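Readers should treat all values here as calculations from the given coordinates under stated rules, not as data from a laboratory. Values in this document were obtained by computation on a predicted structure and should not be read as measured data. Heads up, the Cβs are rebuilt from the backbone with ideal geometry, glycines too, and the neighbour counts pull from every protein chain shown.
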Amino acid sequence: MISQTRAIVQQSLDALLEDQSFLPEVTGETRKKAFTSMTSILSTPNHIHKSFLRILLENGKVERIPAFRVQHNNALGPYKGGIRFHEMVNEEEVVNLASLMTLKNALHDVPFGGGKGGIIINPRDYSEKELNLISRKYVQYFSDVLGPDKDIPAPDMGSGEREMDWMMAEYKSIQPGLPYRGSFTGKSVVNGGSLGRREATGKGVFFTFRYLVHDFVRDQKGFLQKTDNVFAKTALGFENRPLTIAVQGFGNVGSVAALEAHQSTHLQNKVVAVSDRNVTLYNADGLDIPALVEFTMKNKGDLPTTDEQLNDIEVTAEIQDREEVLYLDVDVLMLAALEDQVHKDNVEKVKAKIIVEGANAPVTTEADKHLSDNGVIIIPDILANAGGVIVSYFEWLQGRETQYYTEEQVFNHLYEKMKSTMDTVLPLFFGDPFPLRQNCYIHSVMKLSTVLYRQGKLY
Ligand code: GLU
């Protein structure tokens, strides 16, 4: 996974080195040196902070829990990125996720750098009191390197507004008198969080898909018909017909993306399958997504796993293995679970023609290549799932201004920002043979290189 990000960053830098219209004033040996510096800056994080949080459990035992904060790059602003609470999280993964944050923020012109945190626990194994202690200890151990103008954490897999509220409160008591509202984002609304932050990632995931297959295709039809680009053919094949969608993952991202798809009036689409860590639910006529969302809210986030549970909520669905969601005969697959879900050993079974990456890095390098070679459009993570960090930015701004936006304003700003990025990268994507991921990376790397060059850092 780590190598995937590095490899695409390198390909992007190689393409830019050749493209003399980019930084034309930098020529010859100086140009080569500048690009070598850029490679080393982007392939290594600025800092890796690591600690073992010492926690007194409710059973009286003491545990030392490994925790990280990786600060990848802050050329564009303070480090920014979530803290993942997961038993499989490791340092290498956090480094990669932090570098994706640098690229994601650069792509969408969010004035932040890239960071990420991790705490190696399965949050389901700990009581609320213990989780509170773990969250507060994290802030105690890393408080020197965090702060509204230094590094601003947010929720990620396994964490949410509850943890951000606890963390902000701890930060406030450790650093009395300093501004604290912008120290964490993804907080609850009563604690200075932004309206719409919870739904932002899922809404953005659906928006990027809708914008590409609906708005962009409608407005740029002439251009798309003229190119012999394989991806343009895929996109045109989606026009004005009913689409079937499968969503992997029914957490904060997947459930909101599924609900958006279900409610969309722009497209004639049906969500025919959803899945979580236990099951895939399938109905060729479309699933009752609102009923399933309501069920998960009452059942610790889990989807129904038995016919009785489905009958109780009057939902008609076939129960299949959790992996099956990936292989259904659908038009669109939204991946909103974990990384590395589509890989070289299962990619041949994937039938969808558009894949939207709601999670970070859910498609491996080999699978990505196979799919792209077959004309499958992959809307990459740094483009599709940026809604969370974009609204985090709005939350940070609102905290500074102590002025709050309405939910409608938040979503309007979010869509404007994502639209502007899409309008920059889509014409390039449909005009050249590179996959969309590559176009997005080139755009981010261009922004970062220009800034670093102007700051005199590329020597
Ligand atoms: N964890 C989210 C991400 O991967 C959000 C980060 C943030 O809001 O800072 O993009």
The alpha-carbon center of segment 78-120 and that of segment 241-265 are separated, in whole Å, by 25 Å
How large is the direction-averaged shadow of the alpha-carbon convex hull of segment 1-153, in nm²? 10.1 nm²
Report the gain in length on full extension from Glu401 to Ser173: 0.36 nm times residue separation, minus Cα-Cα distance, nm rounded to one decimal. 79.9 nm
Give me P(r) over the chain, computed from all C-alpha to C-alpha distances, binned every 10 Å, as integer percentages. 4, 21, 30, 27, 14, 3, 0, 0
Translational diffusion coefficient of segment 236-285 at 37 °C, 0.692 mPa s, Stokes-Einstein with Kirkwood Rh over Cα pairs, in µm²/s as a whole number. 288 µm²/s
Quick calc: nm separation of the 7 Å Cα→Cβ label points for Glu308 and Ala284 -> 3.0 nm
Sort 62-74, 416-428 for me by packing, meaning the mean count of neighbouring Cβ atoms within 10 Å per residue, highest on top. 62-74, 416-428
Val190/His266 FRET efficiency (R0 56 Å; Cβ-Cβ; nearest 0.05): 0.95
For segment 320-459, state what percent of all Cα-Cα pairs lands in each successive 10 Å bin, counting from 0 Å until the bin that includes the largest distance. 10, 32, 30, 20, 6, 0
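Give me the percent of Cα-Cα pairs in segment 55-95 that sit more than 13 Å apart, rounded to a whole number. Intermediate results must be reported in sequence, preceding the final value.
Details: 515 of 820 pairs.
Tail of P(r) above 13 Å: 63 percent of Cα pairs.
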Within segment 194-339, the percent of DSSP beta bridges that are antiparallel, given to the nearest 5, stands at 40 percent
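Could you order the peptides 365-371, 176-182 from most to least packed, using the average number of other C-beta atoms within 10 Å per residue? Could you put the intermediate results ahead of the total?
Values: 365-371: 18.4, 176-182: 14.0.
Final packing ranking: 365-371, 176-182.
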I want the antiparallel fraction of DSSP beta bridges within the chain, as a percent rounded to 5. 50 percent
Using the Kirkwood formula on the Cα atoms of segment 45-124, what hydrodynamic radius do you get, in angstrom to one decimal? 13.1 Å
Could the peptides 343-351, 92-100, 209-217, 246-254 be put in order, highest first, of the mean number of other beta-carbon atoms found within 10 Å of their residues? 246-254, 92-100, 209-217, 343-351
Label point at Val230 placed 7 Å out along Cα→Cβ; residues across segment 320-346 whose backbone nitrogen lies under 11 Å: none
Taking just the alpha-carbon atoms of segment 134-198, what radius of gyration and Dmax come out, in angstrom? 10.7, 31
With labels modelled as points extended 7 Å from the Cα through the Cβ direction, what inter-label distance (nm, one decimal) is found for Arg241 paired with Thr316? 2.5 nm
Over the Cα atoms, compute the radius of gyration (one decimal) and Dmax (the largest Cα-Cα distance, rounded to a whole number) for segment 68-167, in Å. 13.0, 39
Model label zone, Glu348; criterion: amide N under 20 Å from point 7 Å along Cα-to-beta-carbon; scope segment 359-383: 363-376
What is the distance in Å between the Cα centres of segment 359-388 and segment 274-338? 23 Å
So the compactness index of segment 295-394, its C-alpha Rg divided by 2.2 N^0.38 Å, takes the value 1.26
Rounded to the nearest 500, what is the chain's calculated 222 nm mean residue ellipticity when only DSSP H runs of at least 4 contribute -39500 (n - 2.57) each, over all residues? -14000 deg cm²/dmol
I'd like the FRET efficiency for Asp373 and Thr39, computed as 1/(1 + (r/R0)^6) with the beta carbon distance as r and R0 of 35 Å, rounded to 0.05. 0.85
Which of Lys150/Lys172; Lys203/Lys419; Lys221/Lys270; Lys129/Lys203 have a Cα-Cα distance over 21 Å? Lys221/Lys270; Lys129/Lys203
Cα extents of segment 4-89 along the three principal axes, largest first (Å): 65, 23, 18
Take the Cα radius of gyration of segment 221-324 and divide it by 2.2 N^0.38 Å, with N its residue count; two decimals is plenty. 1.26
Net charge around Gly204, counting only other residues with Cβ within less than 13 Å of its Cβ (Lys, Arg = +1; Asp, Glu = -1)? +2
